[in-house]
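> Shown below is the structure under consideration.
No lab work stands behind these numbers, since they all come straight from the coordinates. These numbers come from a predicted model, not from an experiment. Positions of Cβ are backbone-derived with ideal geometry, glycine not excepted, and every protein chain shown enters the neighbour counts.
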Amino acid sequence: MRMPFVTMFLASPFDGLEEHAKKVKQCTGAFHEAFACHLSSKCTNFDEHRRYVHHLETEADAIKRRIRGHLPKGTFMQVDKFTLFRYLRQQDKVLDAVQHTLDWLSYRNDPGIPSCLQPDFLRLVQTVVLPINELDRMVIGARNYFKGFQEQKRIEVKQIIRQVRHMEHEADQVEDAIKRRVFNMDLDPVTIYHMTRLAEIIGSIADHAENAGDMMRAMIAR
């Protein structure tokens with residue numbers, strides 16, 4: 001007979017994963033605001049936005065360390081620790097990509113993103129944020145599944161994972177369209193490199209969300 005997952009822990013590791021996912025979601029929301037600020041000619045506090053994102057990332061790191069340090073040792077787990085850590089790593093890499101994007105933007109404030117490309121980049125940012133908003137729902141769904149191993153709960157989690165994969169595919173398409181456009185514009189080589197690399201870094205945010213979904217699928221596999 002399978003024991004309910006919650007009986008195996010003093011505290012479920014999914015509580016920490018949910019807290020971390022919500023912090024990631026908060027950070028990507030702040031990232032969206034920072035990016036929009038960077039595009040605005042009236043923005044004068046981009047660096048403040050960037051520092052706030054770094055502050056949220058530091059808080060998320062503390063949650064990550066707590067999760068890693070408080071898993072029970074020598075206790076039977078329904079979820080493989082290695083798979084759980086791999087999930088956490090991908091969820092955390094979202095923050096690395098967010099920070100990298102803002103840092104990359106800050107390296108070249110002038111001339112910045114050409115005005116003709118700004119709507120495309122804003123759309124890309126909006127697209128990659130969407131799958132991040134599903135991560136906490138995915139973690140909550142998994143925790144509910146492990147409480148009683150109800151098949152319907154597992155199906156619900158798999159549906160969220162499919163949604164994340166679909167959103168990541170849409171982000172890939174937007175990223176590819178930007179890079180094709182950049183390479184066919186009359187821009188100097190430095191701007192071409194800066195813009196194509198920027199598109200790739202932003203796109204990696206959604207990549208890590210999809211990777212987290214793959215790890216979650218492994219955890220709920222029967």
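> Which residues in the stretch 179-222 have a backbone N closer than 20 Å to a point placed 7 Å from the Cα of Ile155 along the Cα-to-Cβ line?
Under cut-off, by backbone N: 217-222.
> Under the rule that a partner needs its Cβ under 4.7 Å from the first Cβ, which Cys of the chain have none?
Isolated Cys, the chain: Cys27, Cys116.
> 222 nm [θ] for the chain, helices only, -39500 (n - 2.57) per DSSP H run of 4+, per residue, to 500? Write out the running numbers ahead of the final one.
Details: 7 runs with 171 residues, N = 222.
It comes out at -27000 deg cm²/dmol, rounded to the nearest 500.
> Could you please report the charge total around Lys23, scoring K, R as +1 and D, E as -1 over all other residues with beta-carbon less than 12 angstrom from its beta-carbon? Could you put the intermediate results ahead of the total?
Numbers: positive: Lys22, Lys25, Lys64, Arg66; negative: Glu18, Glu19, Glu57, Glu59, Asp61, Asp92, Asp136.
Every neighbour counted, the sum reads -3.
> Further, regarding this structure: Quick check on packing: order 109-117, 214-222 by the mean number of other C-beta atoms within 10 Å, highest mean leading. Can you show the working numbers first?
On the way: 109-117: 12.4, 214-222: 16.0.
Descending packing order for the listed peptides: 214-222, 109-117.
> While we're looking at this one, here's another question. Just add up the charged neighbours of Gln173: K/R +1, D/E -1, any other residue whose Cβ is under 15 Å from the Cβ of Gln173.
So the environment of Gln173 carries a net charge of -4.
> Here is a follow-up. Would you please put 142-152, 160-170, 91-101, 61-71 in order of how densely packed they are, using the mean number of other Cβ atoms within 10 angstrom per residue and starting with the highest?
Working: 142-152: 16.3, 160-170: 17.9, 91-101: 22.5, 61-71: 14.3.
The densest-packed peptide leads the list: 91-101, 160-170, 142-152, 61-71.
> Turning to a different aspect of this structure: Relative to the Cα centre, what is the charge dipole magnitude of the stretch 11-220, using +1 at the beta carbon of each Lys and Arg, -1 at the beta carbon of each Asp and Glu, and rounding to the nearest 20 debye? Mind showing how you got there, number by number?
Numbers: 30 positive and 30 negative charges, 177 e Å.
Dipole of the stretch 11-220, to the nearest 20 debye: 860 debye.
> Suppose each label sits 7 Å from its Cα in the direction of the beta carbon; what would the Glu170-Thr58 distance come out to in nanometres?
A separation of 3.5 nm, rounded to one decimal place.
> Another question, then. Relative to the compact globular guide of 2.2 N^0.38 Å, what is the alpha carbon radius of gyration of the chain, as a ratio?
Against the empirical 2.2 N^0.38 Å value, I get 1.12 for the chain.
> Please arrange Phe46, Phe183 by how many other C-beta atoms lie within 10 Å of their C-beta, fewest to most.
On the way: Phe46 19, Phe183 11.
Result, fewest neighbours first: Phe183, Phe46.
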